[in-house]
Structures are given as C-alpha cells and as structure tokens.
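Below: the structure, in structure tokens.
Taken together, the values in this text are just the output of simple stated rules run on the coordinates, not laboratory data. Note that the coordinates shown come from a computational prediction; the quantities given were computed from them, not determined experimentally. Virtual Cβ from ideal backbone geometry, glycine too; neighbours counted across all protein chains shown.
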Ligand SMILES: [Zn+2]
C-alpha cells in the first residue's frame, strides 16, 4: 500500500473521530456569561480587600526609600500586588496593613512595659502609605470614610486606600495612641497579632498550650473606645475566647480582616462555627484569607482557589451572604498564593467560581465583593455618631510603671497625696544632669 493511501485513510479516521466527539459547550458558556455579568457588577461595586501587607515589604526591602528606582508600582512586580494587577482584579478599595512585628523576639513574652519603638515604626508605616498614594495621585486616593471609598471609586475610578494596624501591641499599652491612630486615618486595629498584649489573648498563645484568658478588663474598656471612635474592631489573630468576649460587649459590628473558616481548615487562626453564629447576630463580616496554611484541606499537597471558594461557601451556608468578604493577606504570606489565586488580579476568577457553584443573586455577589465590608464600616461610623457625647476612655493600663527623673521630685506639688496613691507604680531614677551656671551660684 502506498504512503498516499495511508495518509488518506488516516485523514478519514480523524474525521470519523472528530464527528464522534461531542464537546459540551454549556459549561464554557456559563463561565463566560458569569465573567461578563461580574464585569457589569464592577460598574456599581468594587472588589474590597481588607488586608494587604505591601507597605511592610517597602519597609523591609527599601527601608522606606521611595526614591529607590526599584520602587515602581506601575510596573509588574514579582510580588502579589501592583497597580496594573489591582485594576485587573477590579479592586476599588484596598486596606493596607500597617504591621510592625511584636516588640520582643519571644512572641509569648508577657512583659508589656519595656520601652520599645513600635509606635514610631507604626507611624512610619502610616506615613509610607500616604507617600505611596501621593506618588500616584491619578490612580490612588486616601479615604477615611466608607461612603467616600465608594464615591471615589464610582466617580474617579481611582483605587481607594484605607489603613489598618495589625495588633494592639502597636499602641504600646496606651489608648491615647489608639485615638491618635484614628486621627491619622487608621480605620481598623486588630486586637492582637501573634502575641498577647495588655488588652487580649492571641490565638498563638493558645496554640502554644497556654491559657486562653480572652479580653482583659482593660481590653473591655478598649472596646468601648473603639466603638466611640468608630474604629473597626478586627478579630483576626485573636484567641477563641477573645472573639467571644468581644462579640459579647461590642456595640458595633466587627470584622475579621483576614481569617477563614475553622470547620474547613482546622487552624486556630480561623473562625469556629459558634463564633460565626455570633458574627451573624453582631452583623459583622469575616473576610476570607488566602494564606495557604489557613485554607488548605487536611492532607492536601497544596492550596487552591477552590479551597478559598469552599471557605466562602461554608460561611455563606452557615450564616448567609451578609457576613463574608475578602481579606487576602497578599504580600503578607511567606509563600505564593493558592493555585489559581496567586495575586491581586485573580479576584474575578474567585468570585465567578463562587457564583458558578451557587444560585447567588447579583446582590449576593455584590455583598461578598465589597458591600458587606462597606456596610460594617458605615455602621461603625453610625455607632460612633451615637456616642459622640461620651468622653474618651481616660484609663491607662494598670500594669504600667511610670518612670521619672530624680529632679522631677522638685516640681511643685499641685496634687497633695498623689505621691502616696501612686507610689506602687511610680519609679524615680537618678540622672547626671547638666548644671546650668546660675544653678551653681550661691
Ligand atoms: Zn496577619
């Protein structure tokens, strides 16, 4: 048989094979349809992400030097966040985390009174975010109100940037610092990071086998101050008991800026079902994180975008569409993101997958994209308005040691008896003071 005969017969075989394969296009059509619908929703609601750690990388790698030619958010970066991909992902409101590491290398330390530089360092992070925004005035804008975030997105197309501080260790025991962070535009503070503080117990303490003491008395008073200020309480990183204690007393809805569901991935950084029920009562929102270790299924080799969908759907099935949002922790994870959800451009893929697997209405989808977070933020503002006649919580931490130089003992006594009342937490240290000439005269 000639080669030509072979070729003709092979072609015939291929044609027969082709006609026997039925490609089901309905699935592809459905995904394309949902992608188009998602783009339509973006005209009314942005993607909102409550946790991104890009500012810490600018601190770590550039020592806050924005003049360094390596700093260019307009170009594709190796990391998980840049302006091109934020746009591609439909992001219209991004909370940047102003995280500073705990002040002691031993994260289980309990000495909260040693002087440290955490407040200075946090202020630098607030400052660097504002400087980054200033560098891209046509693409980003700083917001401190929920309504402004949405208005800016709809009217200018810029990405609204808001601030969060990740741990009350960053107020260094003082509610005065919390108030000043609010003045600077910070709109949520996480109650703990991976360490306890005078306000609350962190989940890592419990993971280390230590007692879950929940909120302290000072922590309870702090929650009142959060409510009075309109500062959102963030319960990511805290212990189970701290979550319960806070949800018991807060007047405003809470957020979890980057936590997933414990029932899907049994890590104590995630939220257990009993707490999810309390979040429903409270009107709060759990913003699902994409950190692989917190979303990966037991025994699986890697985390995938479908794992994140499962976390979202677990929360939806348990407490409804009103209480779930997105809190990636992009550029804050020590690994790459889950497969298929590797950077800020991928939110549309996640949302479309959620849509595909449910009979969600357009409004349900808008809620998880961003409306839930905007609603909670606005409600915190309303609670603050209702408390505007209340005085600031003037308490200071009872464990604080007040330390003064010896020469202060010569100050006039305006408040007789205060020295005895405060003696137990009052230290006088001697100084080698420079003597001015007139003091040496007889
Ligand atoms: Zn974190």
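Here are the numbers for the structure shown:
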| read-out | value |
| --- | --- |
| Projected label distance in nm at residue 297 and residue 221, using a 7 Å step from Cα toward the beta-carbon | 4.9 nm |
| Cβ crowding within 10 Å averaged over residues, with 101-111, 411-421 ranked highest first | 101-111, 411-421 |
| Rounded tilt (10° steps) of 273-282 against the dominant C-alpha axis of the chain | 70 degrees |
| Sites residue 67 and residue 156, calculated FRET efficiency, Cβ-Cβ separation with R0 30 Å, nearest 0.05 | 0.65 |
| GNM result for the chain, Cα springs below 10 Å: residue of 375, 400, 187 fluctuating most strongly | 400 |
| Alpha carbon centroid spacing (whole Å) that separates region 371-397 from region 230-269 | 17 Å |
| Between helix 305-319 and the chain: long-axis angle, C-alpha atoms, 0 to 90°, nearest 10 | 70 degrees |
| Chain lengthening between residue 111 and residue 388 when straightened (0.36 nm per residue, less Cα-Cα) | 96.3 nm |
| Debye-sum result for region 119-233 in log10 I(q)/I(0), which assumes one identical scatterer on each alpha carbon, at q = 0.15, 0.16, 0.19 Å⁻¹ | -0.72, -0.79, -0.98 |
| Residue-span extension gain [residue 28 to residue 134] - 0.36 nm each, minus C-alpha spacing | 33.9 nm |
| DSSP beta bridge pairing in region 27-386, given as percent antiparallel to the nearest 5 | 10 percent |
| Using distinct alpha-carbon pairs, which all enter the 1/r mean, Kirkwood radius of region 321-442 in Å | 21.6 Å |
| Distribution of pairwise C-alpha distances over region 197-311, 5 Å bins, in % | 2, 13, 22, 23, 19, 12, 7, 3, 1, 0 |
| Estimated [θ] at 222 nm from DSSP helical runs (n ≥ 4, -39500 (n - 2.57)) normalised by residues in the chain, nearest 500 | -12000 deg cm²/dmol |
| Between helix 3-20 and the chain: long-axis angle, C-alpha atoms, 0 to 90°, nearest 10 | 60 degrees |
| Dimensions (Å) - the chain, Cα atoms, principal axes, largest first | 126, 49, 45 |
| Kirkwood hydrodynamic radius over Cα pairs of region 266-329, then Stokes diffusion coefficient at 4 °C and 1.567 mPa s, in µm²/s | 108 µm²/s |
